[in-house]
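Worksheet: the structure to be examined is printed underneath.
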Amino acid sequence: MIATVDAAGGIPGVWGKVMTSRCHRDRGYGQPHARPIPVTLIPGDGIGPEIVEATLAALDALGAPFEWDRQIAGLEGVRAAKDPLPAATLDSIRRTRLALKGPLETPSAAVIEVPMCAARGVQALRDLRPARTLVPGGRFDHVDLIVVRENLEGLYIGHEHYVQIDDDPHAVALATGINTRAGSRRYWSMHSPTQSPPAARN
């Protein structure tokens, strides 16, 4: 799982994502003397390091038993390793199976954004976005749901290009989404492991 910190109230969102991971399912989160949970930490670029440090302070105050493995990506990865997604960072994510990252700046020469490269590199098929009512009495109350977003197929394959019309090279922008049967079946099996996928239609 790769969780993202952002500037718009990112801490609760990240905490929700982290808590839907294996933290208390496999490691007994909240139990006395819980074993440290290894997590890949990528501070990111721009405001990334600042808001990641704020997130770490919040998690520390909550007593989260995380053991951080700091890695680099984005522009920092290009500067230090000449790669926006260094092999050491991907290896760390594969080893810990859990990552917390700040915003990453994708170099202008890159074809696919760094976060999507990371998702492909570790086969992170889905993105979980929990949404719950925190302050009652608003327009929408009693909200408690999880939005599951496809990460590897659909529009996220990154098949995009422009069509020139007259003198305008960017007159039309096209993005192609691709959904494969194999990808859909794998996605289904992860969310409905006890049910068979729907039969294919002609």
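The values are calculated or read from the model by the stated rules, or taken from the named source; none is laboratory data. Computed from a predicted model, the values in this text were never measured in an experiment. We place every Cβ from the backbone using ideal geometry, glycine too, and count neighbours over all the protein chains shown.
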(message) So, in the range 161-190, exactly how many residues are loosely packed, with under 13 Cβ neighbours inside 10 Å and small (G, A, S)?
(response) 5
(request) Could you grab me the full set of residues in the range 86-101 that are outside any loop (DSSP other than H, G, I, E, B), in contact (Cβ under 8 Å) with a residue 24 or more places away in the chain and out of contact with any helix residue (DSSP H, G or I) (no Cβ under 9 Å at 6 or more places or on another chain)? (result) S92, R95, T96
(request) Have a look at A124, A175, A118 and point out the one that is modelled with pLDDT of 85 or more and of a type in the set (G, A, S). (result) A175
(message) Between G158, G138, which is exposed (fewer than 15 other Cβ atoms within 10 Å of the Cβ), part of a loop (DSSP other than H, G, I, E, B) and either at pLDDT below 85 or more than 20 Å from the chain's Cα centre (by Cα) (or both)?
(response) G138
(request) May I ask you to list the residues in the range 178-197 that are under 21 Å from the mean Cα position of the chain (by Cα) and at pLDDT below 75? (result) Y187, W188, S189, M190, H191
(message) Criterion first (in a strand (DSSP E or B) and either among the polar types (S, T, N, Q) or farther than 22 Å from R186 by Cα (or both)) does V148 satisfy it?
(response) no
